[in-house]
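Peer 1: One structure follows; several queries about it will come next.
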């Protein structure tokens with residue numbers, strides 16, 4: 001028996017094309033609607049109704065297409081037994097992509113709607129380019145596939161000669177039965193619990209909005225791209241770069257040149273052009289180090305909705321982004337990796353995919369071409385460009401003086417540009433500026449990354465630009481002059497990719513700070529990112545400023561004080577809006593992560609305040625559930641620990657917070673190692689009962705619990721609770737948390753009555769101390785409900801779950817993760833109580849909510865579909881359960897990989913569903929596969945492996 005060819009994606013894409021056609025046909029804004037006969041238009045309208053009210057079930061249109069296509073493809077495939085499966089799958093993939101592209105082309109959709117009988121000819125013409133990508137042996141199969149797909153479209157397209165009205169009627173009848181069944185369930189559920197009817201109404205509205213949002217691809221402009229300088233001077237390599245990116249579509253291009261030659265500006269100009277052209281992704285990545293590169297790719301992955309396991313490291317999530325890019329539809333996408341210092345940093349982190357272009361900027365001169373890159377050298381200005389720039393921007397026609405200035409500065413773009421700004425701002429003639437340049441030499445010159453030193457005058461020109469700008473601001477307003485100096489100092493020490501503008505504008509005297517920053521930006525000493533969110537200083541300019549102004553102890557101390565002050569102020573501030581608070585915390589984490597890698601920023605870690613700042617940021621991250629990104633503070637915390645000592649109280653607090661982050665991200669062994677080290681220092685420095693020591697003990701107890709060492713965890717929790725009651729008092733929030741933890745371990749060890757007693761006490765205390773609407777109170781009620789359910793006290797559990805769902809919906813909103821968890825918990829309780837129809841209604845609603853709010857590939861969405869499938873199986877709706885389990889297995893394999901425990905669980909669940917349906921041979925095949933995989937991945941003695949063996 002030959003291996004089957006998967007047509008799932010092809011089916012979805014063909015159904016999507018038909019649905020897009022239906023949308024166009026019934027939309028009065030399209031002229032095609034008026035051109036269709038009334039009966040054809042009504043049939044398209046009925047066809048579109050197949051998408052309405054699906055509630056997470058398989059679209060019946062897709063089911064029909066899938067069955068019809070599979071038979072025809074299997075028949076056609078018999079002719080190609082000598083062609084490899086990979087070649088045939090490749091032909092299917094190319095057809096999938098062609099249909100996606102066709103669906104996104106409105107003109108093509110209109111053509112297909114108006115003239116469906118011509119679709120095969122049209123499809124062959126549109127897929128000709130895709131056919132070139134098919135292996136030669138599989139080209140005849142691709143031709144057959146084109147015919148099969150076209151016939152299927154024509155069969156289901158209203159108005160065609162071959163339109164199968166009977167097939168459509170059968171689908172519509174099934175849809176009506178489904179909707180009727182849903183209405184009965186929702187009506188029954190409404191009588192039981194009135195609040196959820198309101199939630200369903202709100203979800204319907206959200207569903208409509210969600211559909212509209214996703215009708216147009218989202219454009220992503222990521223990163224702190226510098227703005228393109230006004231009157232940007234065309235460069236010798238500019239046309240070559242434009243040709244490489246837009247004409248030749250070179251996948252990998254590298255811009256090499258010394259600092260200050262304009263590489264970044266040239267890349268920024270291309271990025272701006274891509275944004276103007278509407279490219280869906282234009283990403284600016286800070287690539288000064290591998291960790292910074294991974295951090296930016298991780299942030300981009302989160303922005304694009306990439307899903308990853310809780311225990312995944314940032315580089316895993318980054319690689320998942322790269323995997324998605326590699327398999328995505330053809331599209332023009334640009335990634336700029338700015339300031340690459342080490343070629344090895346790019347290893348396995350460079351995006352690949354149809355339509356992707358990568359630009360690297362670097363000072364490294366390597367044999368790039370042999371490494372697979374298209375190299376473009378970015379040199380200095382041509383002499384005539386320098387002269388023209390100097391004369392035109394200063395309105396001084398003295399070409400001889402301009403020539404001498406250009407020669408003195410080596411035509412380095414950043415130096416010539418700053419010379420222009422200084423001469424213009426100071427109202428110097430070019431001769432006067434030349435005299436000033438020659439009469440103020442600095443003691444040292446700047447060394448290139450490689451090669452000969454820069455001309456000595458470059459340092460002078462860049463320093464003069466800073467000094468004269470600050471002096472001018474000071475002349476007009478002394479306060480603003482002082483603030484301008486502090487702002488440049490902050491920019492020169494904090495993250496090179498930039499500092500949030502809002503931080504600098506709110507530094508000290510807000511009104512004057514805004515004016516001083518504006519003056520710096522207007523002088524071109526500083527720049528602003530393209531999204532106007534970050535201010536930055538050119539790396540060469542910042543280096544000169546540090547060497548000249550921060551070269552003295554006084555200057556450095558002042559700069560450190562300013563930088564620490566702004567980090568301290570922002571970390572101590574709390575935003576009213578949680579989204580803003582998360583963004584501010586992310587900004588702080590990015591700053592600390594960057595300065596840990598910047599050698600010139602290391603003096604910041606000598607200030608004890610940095611430990612306090614780190615402790616605050618980690619607490620914020622924990623409170624905001626930003627555990628994964630918090631792990632990027634490992635390096636800055638290590639720097640602070642090395643300098644300030646691990647016995648510093650704030651270092652101990654931070655290390656414990658980091659251990660909590662490890663634990664919550666599933667990296668349990670790392671958490672245990674770190675917290676044990678912390679306990680040793682904390683006990684020695686603070687004593688056994690200090691709150692910090694107890695916090696470390698609590699983390700260790702949680703880690704033991706997560707590794708199955710429940711008895712040890714219980715002993716620790718009992719000790720911690722007793723100490724916290726004695727030291728902090730019975731009403732302290734930490735005491736409530738300890739009682740909750742102890743109740744949890746009692747519950748896990750079967751001591752249910754003791755657990756319920758503690759949970760009850762905690763709930764009453766929490767309502768009195770924190771208030772009935774506090775998130776902690778809601779959590780304690782949820783835990784008590786869980787204990788009631790486990791003890792078989794289902795009515796009491798259901799009452800608490802219903803109350804929690806009501807409160808969480810009201811307080812947190814229907815889309816909050818805790819609300820979604822409450823919906824799932826109530827559904828599970830209904831299922832346990834035998835209220836299966838109520839349970840299915842909630843499981844369906846939970847799946848819809850998570851699909852809409854979290855996305856189709858989120859781990860929680862996939863888990864909710866699994867719950868729904870299980871409930872469907874319990875009520876005997878086996879075929880529907882199988883459909884859901886098959887979809888879950890496909891999605892988990894695609895998003896998590898075939899070896900992930902959740903994927904193996906889906907494989908096992910599908911096998912069980914087959915067994916319940918009497919498909920014993922299919923069940924045996926999957927159980928054998930599950931047993932083989934679990935033995936290989938989890939080991940022969942793992943409980944899941946043993947369970948599978950029993951199946």
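The values are calculated or read from the model by the stated rules, or taken from the named source; none is laboratory data. Nothing here was measured: the structure is a model prediction, and the numbers come from that model. Every residue, glycine as well, gets a Cβ built from its backbone with ideal geometry; the counts of neighbours run over all protein chains shown.
Peer 1: Do we find that residue 655 is farther than 22 Å from residue 776 by Cβ, free of Cβ contacts under 8 Å to residues at least 12 places away in the same chain and touching a helix residue (DSSP H, G or I) at 6+ places or on another chain (Cβ under 8 Å) in this structure?
Peer 2: Criteria not met by residue 655.
Peer 1: Do we have any residue at all in the range 919-934 that's modelled with pLDDT of 90 or more and not in a helix (DSSP H, G or I)?
Peer 2: Yes: one or more hits.
Peer 1: In this structure, is residue 789 more than 33 Å from the chain's Cα centre (by Cα) and surrounded by fewer than 20 Cβ atoms within 10 Å (Cβ to Cβ)?
Peer 2: Against the criterion (more than 33 Å from the chain's Cα centre (by Cα) and surrounded by fewer than 20 Cβ atoms within 10 Å (Cβ to Cβ)), residue 789 does not qualify.
Peer 1: Something else about it: Look at residue 892 and say whether it is in a helix (DSSP H, G or I), within 21 Å of residue 324 (Cα to Cα) and in contact (Cβ under 8 Å) with a residue 24 or more places away in the chain. Steps first, please.
Peer 2: Values: in a helix (DSSP H, G or I): yes; within 21 Å of residue 324 (Cα to Cα): yes; in contact (Cβ under 8 Å) with a residue 24 or more places away in the chain: yes.
Taking the combined requirement at face value, the residue satisfies it.
Peer 1: Suppose we filter the range 416-433 for residues that are crowded, with 19+ Cβ neighbours inside 10 Å, in a helix (DSSP H, G or I) and free of Cβ contacts under 8 Å to residues at least 60 places away in the same chain; how many remain?
Peer 2: Going through the range 416-433 one residue at a time, the tally reaches 7.
Peer 1: In the range 601-645, how many are outside any helix (DSSP H, G or I), in contact (Cβ under 8 Å) with a residue 24 or more places away in the chain and over 19 Å from residue 298 (Cβ atoms)?
Peer 2: Selection size over the range 601-645: 2.
For (1) part of a helix (DSSP H, G or I); (2) within 28 Å of residue 325 (Cβ to Cβ); (3) under 38 Å from the mean Cα position of the chain (by Cα); (4) at pLDDT 80 or above, each residue gets a yes or a no:
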{"position": "93", "(1), (2), (3), (4)": "yes, yes, yes, yes"}
{"position": "99", "(1), (2), (3), (4)": "yes, yes, yes, no"}
{"position": "112", "(1), (2), (3), (4)": "yes, no, yes, no"}
{"position": "122", "(1), (2), (3), (4)": "yes, no, no, no"}
{"position": "146", "(1), (2), (3), (4)": "yes, yes, yes, yes"}
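Peer 1: Just a yes or no: is a residue in the range 714-733 touching a helix residue (DSSP H, G or I) at 6+ places or on another chain (Cβ under 6 Å), under 28 Å from residue 823 (Cβ atoms) and touching a residue at least 24 places away in the same chain (Cβ under 8 Å)?
Peer 2: No, the range 714-733 contains no residue that is touching a helix residue (DSSP H, G or I) at 6+ places or on another chain (Cβ under 6 Å), under 28 Å from residue 823 (Cβ atoms) and touching a residue at least 24 places away in the same chain (Cβ under 8 Å).
Peer 1: Which residue, of 581, 547, is closer than 25 Å to residue 416 by Cβ, touching a helix residue (DSSP H, G or I) at 6+ places or on another chain (Cβ under 8 Å) and modelled with pLDDT under 90? It would help to see each step written out before you state the result.
Peer 2: Working: 581 fails: closer than 25 Å to residue 416 by Cβ.
After applying the criteria, what remains is 547.
Peer 1: Identify, from the list 770, 778, 758, 784, the residue that is surrounded by 15 or more Cβ atoms within 10 Å (Cβ to Cβ) and farther than 24 Å from residue 817 by Cβ.
Peer 2: 758
Peer 1: Could you please find all residues in the range 863-880 being more than 18 Å from residue 851 (Cβ to Cβ) and without any contact (Cβ under 8 Å) to a residue 40 or more places away in the chain? So that I can check it myself, show each step before the final result.
Peer 2: Going residue by residue through the range 863-880, those that are more than 18 Å from residue 851 (Cβ to Cβ) are 873-879.
Residues satisfying the conditions are 875, 876, 877, 878, 879.
Peer 1: Return the residues of the range 274-306 that are out of contact with any strand residue (DSSP E or B) (no Cβ under 7 Å at 6 or more places or on another chain) and part of a helix (DSSP H, G or I); say none if nothing qualifies.
Peer 2: Passing the criteria: 276, 290, 291, 294, 295, 298, 299, 301, 302.
Peer 1: Out of all the residues in the range 769-782, is one or more part of a helix (DSSP H, G or I), touching a residue at least 12 places away in the same chain (Cβ under 8 Å) and farther than 24 Å from residue 827 by Cα?
Peer 2: yes
Peer 1: Just name the residue that is nearest to the chain's Cα centre (by Cα) out of those in the range 650-682 that are assigned to a helix (DSSP H, G or I) and surrounded by fewer than 16 Cβ atoms within 10 Å (Cβ to Cβ).
Peer 2: Residues of the range 650-682 assigned to a helix (DSSP H, G or I): 650-664, 668-682.
Remaining after also requiring surrounded by fewer than 16 Cβ atoms within 10 Å (Cβ to Cβ): 669, 673, 676-677, 680.
Numbers: 669: 26, 673: 29, 676: 32, 677: 33, 680: 37 Å.
Filtering first and then ranking leaves 669.
Peer 1: Does residue 907 count as farther than 30 Å from residue 759 by Cα and surrounded by 20 or more Cβ atoms within 10 Å (Cβ to Cβ)?
Peer 2: Yes: the conditions hold for residue 907.
Peer 1: Could you tell me whether the range 257-273 includes any residue that is at pLDDT 85 or above, assigned to a loop (DSSP other than H, G, I, E, B) and over 30 Å from residue 898 (Cα atoms)?
Peer 2: Checked against the condition, which is being at pLDDT 85 or above, assigned to a loop (DSSP other than H, G, I, E, B) and over 30 Å from residue 898 (Cα atoms), the range 257-273 yields at least one hit.
Peer 1: Also, quick follow-up: So which residues in the range 333-347 are out of contact with any helix residue (DSSP H, G or I) (no Cβ under 7 Å at 6 or more places or on another chain) and more than 19 Å from residue 597 (Cβ to Cβ)?
Peer 2: Those that are out of contact with any helix residue (DSSP H, G or I) (no Cβ under 7 Å at 6 or more places or on another chain) and more than 19 Å from residue 597 (Cβ to Cβ): 333, 335.
Peer 1: Before we move on, is residue 399 closer than 23 Å to residue 546 by Cβ and more than 49 Å from the chain's Cα centre (by Cα)?
Peer 2: No; evaluated as a whole, the condition is false for this residue.
Peer 1: Among 318, 313, 388, 328, which is the only one that is more than 22 Å from residue 590 (Cβ to Cβ), under 30 Å from the mean Cα position of the chain (by Cα) and either in contact (Cβ under 8 Å) with a residue 12 or more places away in the chain or surrounded by 14 or more Cβ atoms within 10 Å (Cβ to Cβ) (or both)?
Peer 2: Details: 318 fails: more than 22 Å from residue 590 (Cβ to Cβ); 313 fails: more than 22 Å from residue 590 (Cβ to Cβ); 388 fails: under 30 Å from the mean Cα position of the chain (by Cα).
Just a single option satisfies the conditions, and that option is 328.
Rundown of residues vs (1) assigned to a helix (DSSP H, G or I); (2) more than 16 Å from residue 265 (Cβ to Cβ), yes/no style:
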| position | (1), (2) |
| --- | --- |
| 497 | no, no |
| 502 | yes, yes |
| 512 | yes, yes |
| 516 | yes, yes |
| 525 | no, no |
| 540 | yes, no |
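Peer 1: For the structure I just gave you, tell me whether residue 785 is free of Cβ contacts under 8 Å to residues at least 24 places away in the same chain, over 22 Å from residue 861 (Cβ atoms) and in a helix (DSSP H, G or I).
Peer 2: Working: free of Cβ contacts under 8 Å to residues at least 24 places away in the same chain: no; over 22 Å from residue 861 (Cβ atoms): yes; in a helix (DSSP H, G or I): yes.
Here the answer is no, as residue 785 does not meet what is asked.
Peer 1: Could you check how many residues of the range 502-524 are touching a helix residue (DSSP H, G or I) at 6+ places or on another chain (Cβ under 8 Å) and either under 28 Å from residue 585 (Cα atoms) or free of Cβ contacts under 8 Å to residues at least 60 places away in the same chain (or both)?
Peer 2: Matching residues across the range 502-524 total 15.
Peer 1: Can you go through 735, 692, 699 and tell me which one is modelled with pLDDT under 90, assigned to a helix (DSSP H, G or I) and closer than 24 Å to residue 655 by Cβ?
Peer 2: 692
Peer 1: Let me spell it out: the conditions are (1) over 15 Å from residue 672 (Cβ atoms); (2) crowded, with 17+ Cβ neighbours inside 10 Å, and residue 701 meets all of them except one. Which number is the exception?
Peer 2: (1)
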